[in-house]
Amino acid sequence: MASQALYRRYRSQTFDELIGQEHIVQTLRNALAEGRVAHAYLFTGPRGVGKTTVARLLAKAVNCTAPQPQRPCGECDSCRAVAEGRAVDVIEMDAASHTSVEDAREIIERVQFRPALARTKVYIIDEVHMLSTAAFNALLKTLEEPPPHALFILATTEVHKVPATILSRCQRFVFHRHSLASTSTHLREVASREGFALEAGVAETIARAATGSMRDALGVLDQLMAYGGTTITLEQVRNLLGASEMQEVAALVDALLAMDLPGALRVVADVAASGADLRQFVRDLVEHLRALMLVRAGADRSLIDAADDELAQIERQAVTADLGALLRWVKLFSELDHQLRVSPYGQLPLELAIVEAIVAPAPATIPARPVVAARRAPARPAVEPAPQEGHVAPSAAVPDPVRQAAPAVDDPFLRHLASEQRPSAAPGGVVLPEVQGDGVAAANADAATLERIEGLWPDIIRDVRVYDKTLQALLNSGVRPIDVKDGVLVLEAPSEWLMNKLEQPNLRQTIERVLSRHMGANYGIRCVVEAQQRENPGALREQIRSTRKDPLIKAALNIFDADIIGVEDQTE
Amino acid sequence: MTDSLTNWGIIGHEWAVAFLRRSIAGDRMAHAYVIGGPEGIGKALLALRLAQALNCDRAGVDPCLQCRACQRIAHGNHPDVRVVGMATQAAGLKPDEAARQKELRIDTVREWQRDVTLKPYEGRRRIFILHDAERLTEAASNALLKTLEEPPPYATLILVAHTAGSLLPTIVSRCQLLRLRPVPRAQVAAALREMRGLIAGDAELLAAWSGGRIGWALRMADAPEELEARQEQLAALLSLAEQPIAARLRWAEERAKEYRAGEQAAVMDMLALWQSWWRDVLLTAAGCPQAIVHIDRRDEVTTAASHYAVADVHAFLTSIGLTVQRLRDNVNPQLAIEGTLLALPERRGVRR
């Protein structure tokens, strides 16, 4: 014959045995001691927190024959009858399979009869949320004024489905989830009573996975005990729960931080091949990213639920992390749980999310704490895996004050997708409305735009890599934005050859696309060759800017549709 | 596989079998199990073997498969083993009504658990197997709760679900969850070679395609014409990229007609096939070609990967996923499929 499940065998039989829920136990005990037991109770709370157990305890207590303070004693005839489920006056009803109004009418009819043996007739209606509306309404009058010998106890996990008219007729008790500590203590106690030893950390791991439900925790323990042996190892727990190794989560985060797409995908492939539970893996990943985010945002370390070595790792990663990116990743990956649950195609949703996380550009950077920011720049190349990236990446990683001024784009990736679906929408670049205006205002707007583009330039170069590595290399060999006019960005290339390259339609389109994604508006591109003899690009820009204010030159520019590429002083 | 395990006849999932055997040996059987995992992975077989092992006349930890009890359970006419699922629910209905059944109704569940309190008639335990548990309606799920929490000592309930995650948490917390994972590729290939006599190359390919679903792989091995159809389908899907928009839209119209004509599963399979191809392209383009599925077309995948940008492939994969979602949500199938086709990424270099 099968042994009884642990959660049934260790169901608390007295108030003293009950774990947690002190607020409820105390109230009920006082009520019992003072003879102020209400006629109807409603117990709510998540699964496995003790609703059914307390309902039975209360049923015992009101019928117990022991002296007042010890009730329920668990030893008298009445208590034993309830525990064994043979008490005629304690009627436990499954509302989920007796949902109809007929079932409710049956209760109403029978409640009028006095109890057969005990003092009180107790109706325990479990899963009460499933009763039909008619059944609820049929119960209303009885719940309001039941005969003095009757006690109703309703229990449910979903209190929002219970009508307000029922709620107002009951004393409502809200059960809390069990804390990590109390769950693990109880697990250790049950294990030792069953003759099993738990390795260090086992109880905590189970408790964490059970998320406050004692029945879940005991179920896992039950399953572990069935594996045989007298010691339960951490490895067994991990195997059973599919708990992913912390190293793999950390490896994935490392790859994400380093923008190492192949590396990140390889981690996922390994995890999937090892048969781990991907949903659990994603949950661990989100937990890890959340910890990183908290550390990065300078939160108190006590908020993070991690062991010391994990914490050290998190602190190490936090040095290179970018708060905006972390925020985005946490959102991205926490939305994944549902997809993984319903998707029959295994790891595809996770892989897509990783590609999205790495390929999509970060939105506006949230300013980091200055102390950490100073340490960021040197730390970056260490984790940069691609050798050809090593030289250019640091400049991309250094937080630029101008980047902070970039507009907070809500989801640039989506917009990017939208703009992709109609690639021919803006062949020449759509002109920004405010740039169309004449005069100084327009020039100022252009200058401001140029400054913004200059700030974003390293990011733009970085994001171009995803589309075309060659183009990135080209841009890195000294191409600079020098002017913006009427929605056209003028790029300066150091050589004629480079200029011709960049003028190729497909390369140009790529740059324009990345550019428009960053700027939130479409810009065209034009290339010019770098004028000789220039040592100070900033000075040139300043010169161009001031020159453009000259009305004569402005008119000339309009007539010839020209660009200013250099300024020479004639008086010299 | 050791000899004692051969009677279970389950490929992969050694841990699950070992766990159940130890539970039986140590008299630590749970009163309720949920067996979860993707389609065609061996869940139903595991449930059946467990029922046999618990009622086998030889009373060992393994089913003998020889005795009367084992054979009757296998044939589905043992009085103490009660099996219910979408198939049994639809059994008494007219064909068109049966096709419309999408959920396990509360009546089915009530009927299934009605006599749970009766003692076993001739076996040692009464076994209740519920297939397709992910299709339980909300009311039906809730009706199971009390039975699952405290069934009589001689009953064992086994729920079989494709996605254990979509069951009510209150149900899962009352059961022991055995989450079967995809069988490793090498093991599927070995099984195909042994049991179906496939040559190594074919077995490898089929194993890769199966994604660890051993049942699916075996079924495909038995039906070479289906495999062929699949190859043709893939070729057709790939040629779409070369065709003008008009031809693509015509193709979408045909698929939509099929979909409306009741071949939903075929269209969904086709989209899954397409998705798996583009996933390979994505993985290759992103620099992780080890995990790809279409190993027979590795060269084509590599060529395709060099032609498309990662972001484009990602966008297209997302749009296929969206189409699947929309079809499930009952959107006009033609519109949904056309939408995907219009999002088909264009090769780099041929763009305007």
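Bear in mind these aren't lab numbers, they're just calculated from the coordinates by the rules spelled out. For clarity, every value in this text was computed on a predicted model and none was experimentally measured. Positions of Cβ are generated from backbone atoms using ideal geometry, with glycine treated the same way; all protein chains shown enter the neighbour counts.
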Suppose a student asked you for the relative contact order of the range B:225-342, using Cα pairs under 8 Å spaced at least 6 residues apart; what percent would you report?
30 percent
Using the basic label-point model (7 angstrom from Cα toward the beta carbon), what is the B:L344 to B:A18 distance in nanometres?
4.9 nm
Using the Karplus curve 6.51 cos²θ - 1.76 cosθ + 1.60 with θ = phi - 60°, work out ³J(HN,Hα) for each residue of the range B:49-57 in order, rounded to whole Hz, and write x for Gly and Pro.
5, 5, 4, 5, 4, 6, 10, 4, 5
Taking the Cα centre of chain B as the origin, how large is its charge dipole in debye, to the nearest 20, when only Lys and Arg (+1) and Asp and Glu (-1) carry charge on their Cβ atoms?
800 debye
Taking θ = phi - 60°, what integer Hz values does the Karplus form 6.51 cos²θ - 1.76 cosθ + 1.60 yield along the range B:290-304, in sequence order, with x for Gly and Pro?
5, 8, 6, 9, 7, 6, 6, 10, 3, 5, 4, 4, 5, 4, 4
Can you tell me the Rg and the Dmax, both Å, for the Cα atoms in the range A:81-195?
17.1, 51
Average beta carbon contacts from partner chains per residue of B:270-281, 10 Å cutoff
1
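Treating the beta-carbon of each Lys and Arg as +1 and of each Asp and Glu as -1, no other charges, what is the dipole magnitude of the range B:1-155 about its Cα centre, to the nearest 20 debye? Don't skip to the end; give the middle numbers.
On the way: 21 positive and 19 negative charges, 63 e Å.
With only Lys, Arg, Asp and Glu charged at Cβ, the dipole is about 300 debye.
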P(r) for chain B, please, calculated from all Cα pair distances in 20 Å bins and given in %.
25, 51, 23, 1
Could you pull out every one of the lysines with an alpha carbon less than 18 Å from that of A:K141, ignoring same-chain neighbours closer than 8 positions?
A:K121
With viscosity set to 0.692 mPa s at 37 °C, what whole-number translational diffusion coefficient in µm²/s follows for the range B:225-342 from Stokes-Einstein and a Kirkwood radius over Cα pairs?
223 µm²/s
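First measure r as the distance between the Cβ atoms of B:E39 and A:R114, then evaluate 1/(1 + (r/R0)^6) with R0 = 56 Å and state the FRET efficiency to the nearest 0.05.
Working: r = 56 Å, r/R0 = 1.00.
Calculated transfer efficiency: 0.50.
Over the range A:180-241, what relative contact order in percent results from Cα pairs under 8 Å that are six or more residues apart?
Values: 61 pairs, mean separation 24.7, N = 62.
About 40 percent, as a whole number.
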Under a crude label model (7 Å from the Cα following the beta-carbon direction), how far is B:T302 from A:K161 in nanometres?
5.6 nm
List every residue whose amide H lies under 5 Å from the amide H of A:L198, counting only residues 5 or more places away in sequence or on a different chain, with H placed 1.01 Å from N in the peptide plane.
A:I232
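Please identify every one of the GluC sites (Glu not before Pro) in the range A:1-93 that sits in a loop by DSSP and has no more than 11 other beta carbons within 10 Å of its own beta carbon.
Numbers: sites: A:E17, A:E22, A:E34, A:E75, A:E84, A:E92; in loops: A:E17, A:E34, A:E75, A:E84.
Within the range A:1-93, the qualifying GluC sites (Glu not before Pro) (loop, at most 11 other Cβ atoms within 10 Å) are A:E34, A:E84.
Relative contact order for chain B: what percent, with Cα pairs under 8 Å and sequence separation of 6 or more?
Numbers: 479 pairs, mean separation 55.9, N = 352.
Across chain B, relative contact order equals 16 percent.
Which FRET efficiency value, to the nearest 0.05, is calculated for A:E199 and A:S179 with the Förster distance at 22 angstrom and r the Cβ-Cβ distance?
Details: r = 21 Å, r/R0 = 0.97.
With R0 = 22 Å, the Cβ-Cβ based efficiency is 0.55.
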With the cut-off at 27 Å, report for the range A:6-174 the share of all Cα pairs above it, as a whole percent.
19 percent
Expressed as a whole number of Å, what is the distance separating the alpha-carbon centroids of the range B:209-249 and the range A:156-187?
51 Å
Under the Karplus relation 6.51 cos²θ - 1.76 cosθ + 1.60, θ = phi - 60°, what is the ordered set of whole-Hz ³J(HN,Hα) values for the range A:158-167, x standing for Gly and Pro?
10, 5, 5, 8, 8, x, 4, 5, 6, 3
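What number comes out for the charge environment of B:G212, summing +1 per Lys or Arg and -1 per Asp or Glu over other residues with Cβ under 10 Å away?
Values: positive: B:R181, B:R185, B:R213; negative: none.
So the surrounding residues net to +3.
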Ranked by GNM mean-square fluctuation in chain B (Cα springs under 10 Å), the top entry among B:P95, B:P151, B:P79 is B:P95
Say the dipole of the range B:225-342 comes from +1 at the beta carbon of Lys and Arg and -1 at that of Asp and Glu; which of B:Q243, B:T284, B:V310 then lies farthest toward its positive end?
B:V310
Could you check what % of the DSSP bridge pairs in the protein assembly as shown are antiparallel, to the nearest 5?
10 percent
Of B:G339, B:A190, A:Q171, which is farthest on the positive side of the dipole of the protein assembly as shown, counting Cα position, with +1 on Lys and Arg Cβ, -1 on Asp and Glu Cβ, and the Cα centre as origin?
A:Q171
Partners for A:K554 among lysines (Cα-Cα distance below 27 Å; same-chain residues under 8 apart left out)
A:K485
Given 0.36 nm per residue, what is the gain on full extension from B:V61 to B:E254 after removing their alpha carbon distance, in nm?
64.1 nm
Under a straight-distance cross-link criterion of Cα-Cα below 29 Å, which lysines are reachable from B:K94, leaving out those fewer than 8 residues away in the same chain?
B:K43, B:K102, B:K257
Return the Rg/Rh value of the protein assembly as shown, two decimal places, where both radii are evaluated on C-alpha atoms and Rh is the Kirkwood radius.
1.05
